[in-house]
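Worksheet: one structure, shown below.
The values are calculated or read from the model by the stated rules, or taken from the named source; none is laboratory data. The structure displayed is predicted, hence computed values, not measured ones. Virtual Cβ from ideal backbone geometry, glycine too; neighbours counted across all protein chains shown. What goes into the accessible areas is simple: the full protein's heavy atoms, side chains included, and nothing from ligands, DNA or RNA. Shrake-Rupley method; radii C 1.70, N 1.55, O 1.52, S 1.80 Å.
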Amino acid sequence: MSGVRHNLPPEIIGRGTWYDKAAKELIERERRLGRSLDLIRTESGLGASGFPHIGSLGDALRNYAVAMGVQVQGYNSELIAFSDDKDGLRKVPAGLPKDLERWLGYPVSDIPDPMGDCHESFGAHMTSLLLDALDTCGAEYTFKSGAKVYEEGVLNDEILALMENAERVGEIIKEEIGQEKYLEALPYFPVCESCGRIYTTHAYKYLPEEHKVLYRCAGMEVKGRWLEGCGYEGEVDVLAGKGKLSWKVEFAARWRALDIRFEAYGKDIADSVRVNDRICREILGYEPPMHVQYEMFLDRGGKKISKSAGNVFTPQVWFRYGSPQSLNLLIFKRFVGAKSGSVEDIPPHMDELDDLEDVYFGRVKVKDPKERAKLSGLYEYCWMLKPPEEPSVHIPYNLMTNLAMVAPKGAEARFIREKLRDYGYLDQGDRGLEDRIRYALNWSGTSVRLA
RNA sequence: GGGUCCGUAGCUCAGCAAGGUAGAGCGUCAGCCUCUUAAGCUGAGGGUCGAGGGUUCGAAUCCCUCCGGACCCGCCA
């Protein structure tokens, strides 16, 4: 038996992807913890204080993918999409009127919609952009508004526990990240009763009998800029939904109140998650959800995508040039690694999705069963486990854009279709061709304008 | 100060979860095809997998150390 392979042939888990492995680990962990397996929830926090970019969508989709993996294993799951719309406005997003500055520090759910009166608030508008993208991508979720959650008192048990143990909370925060602020301050931001802002208040004393905090509107430095408080001294019932928990403890409260079992997060909030894990376990007595940390989306130059740098790349931009499934592919194909997110990524992902489709439909043979399962499974995840019955027509994206660029004005679609027929691309049908033509025309139109 | 990721062909990267004969695209070169196009097809060349150690019958893959590059946190969220 010398020289033989000692490894047993690997069992393929679920659809063979990373998500299936993670889902299996998650279920095993829950089983070990002795918790109910009736409904396994994952969560994603939706930023509501700026235009959602590709990274915001990525967070939600990754967490949704793990929920799908749980379903593949035969269990019920659900993604909670939690809008952080009780957060204050810290900065006026690029592209919006400067006079929004007067709303800095106000909860985004209290600021009027600056983009017409189509939504009930600034936060609602931003949130809806992200939810639209999730819908387009085919994700299913249960939506929660942070502001409403506070109003409805969903987190009240947790808020009481945190206030009553505020001293211990402060110690944990100091131990984990060295920040001493919460040795003094309570981890709660009241909305100032006088001026309406949330980031200018400083909660300094808790009255347990009345479950109220005393605060003063003292001002705070936000994003390198001093937000002057109005000086008001007041008190607020922490169970009345007139404020919010600091992020240092809010995750923990959400996890327990909403019974969250898994949450992936970007490395920018790694410290916060570490603190929240301890708060959740030690103060709230709830074993925190399983976590996986992922890398941020970077642009082609390796820079963090930021609104101020002007390299914002939104899901809506992607959908102009590529299919929702190709965007899902960008997000799903690697979970933890760094990745770029720019328009340059669209053509290769459109082509790569075609390759995966060939594997899924057996038109391309992959010898290694593990490899085949992984590629085929990735394809299914890109379609949110609802892949089409028939493959679409496959045409290299570059060819499409090339034809689009030379097509005569006014007859582009007909020209492209005729050329493709001549080239023999349409012999097997033209399923999905209309979309591909639209993407290519959008692409070439933009390229021409840029040139 | 704390943490994460990356380093594989000229370029951009995949492969690493779950160890089993180093891959793709682009570029280059040779040829073919085509109604001119950043189009298409066939083939070729090209890599001590950042360095060193460890585990192993076997390491790009797992572990440790180091080097180089980048990012995040140390305000707030």
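Values for this structure:
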| item | result |
| --- | --- |
| Residue under evaluation A:Ala65, criteria (1) under 21 Å from A:Leu227 (Cα atoms); (2) in contact with a helix residue (DSSP H, G or I) (Cβ under 8 Å, 6 or more places away or on another chain), criterion not met | (1) |
| Members of segment A:60-90 found to be basic (Lys, Arg) and open to solvent by less than 20 Å² (accessible area, probe 1.4 Å), listed by number | A:Arg62, A:Lys86 |
| Single residue of A:Phe143, A:Phe122 found to be at pLDDT 95 or above, among the aromatic types (Phe, Trp, Tyr), under 24 Å from the mean Cα position of the chain (by Cα) and open to solvent by 10 Å² or more (accessible area, probe 1.4 Å) | A:Phe143 |
| Residue match in segment A:103-113 (condition: on the phi > 0 side of the Ramachandran plot, small (Gly, Ala, Ser) and either modelled with pLDDT of 90 or more or open to solvent by less than 10 Å² (accessible area, probe 1.4 Å) (or both)) | yes |
| Filter result for the condition that a residue is among the hydrophobic types (A, V, I, L, M, F, W, C) and crowded, with 18+ Cβ neighbours inside 10 Å, over A:Leu186, A:Leu207 | A:Leu186 |
| Some residue of segment A:131-149 being closer than 25 Å to A:Ser272 by Cα and in a loop (DSSP other than H, G, I, E, B) | yes |
| Residue satisfying all of: in segment A:1-53; within 9 Å of RNA strand B (Cβ to nearest atom), surrounded by 15 or more Cβ atoms within 10 Å (Cβ to Cβ) and among the hydroxyl-bearing types (Ser, Thr, Tyr); modelled with the lowest pLDDT among these | A:Thr17 |
| Residue ranges of strands (runs of 3 or more DSSP E) in segment A:156-243 with at least 2 members in contact with a helix residue (DSSP H, G or I) (Cβ under 8 Å, 6 or more places away or on another chain) | A:201-207 |
| Filter pass, A:Pro93 being surrounded by fewer than 18 Cβ atoms within 10 Å (Cβ to Cβ), closer than 28 Å to A:Asn63 by Cβ and touching a Gly at 6+ places or on another chain (Cβ under 8 Å) | yes |
| Some residue of segment A:426-449 being within 12 Å of RNA strand B (Cβ to nearest atom), exposed (fewer than 13 other Cβ atoms within 10 Å of the Cβ) and among the acidic types (Asp, Glu) | no |
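Condition check ((1) within 15 Å of RNA strand B (Cβ to nearest atom); (2) buried (at least 18 other Cβ atoms within 10 Å of the Cβ)) across all residues:
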{"residue": "A:Pro369", "(1), (2)": "yes, no"}
{"residue": "A:Glu389", "(1), (2)": "no, no"}
{"residue": "A:Asn398", "(1), (2)": "yes, no"}
{"residue": "A:Ala407", "(1), (2)": "yes, yes"}
{"residue": "A:Glu412", "(1), (2)": "yes, yes"}
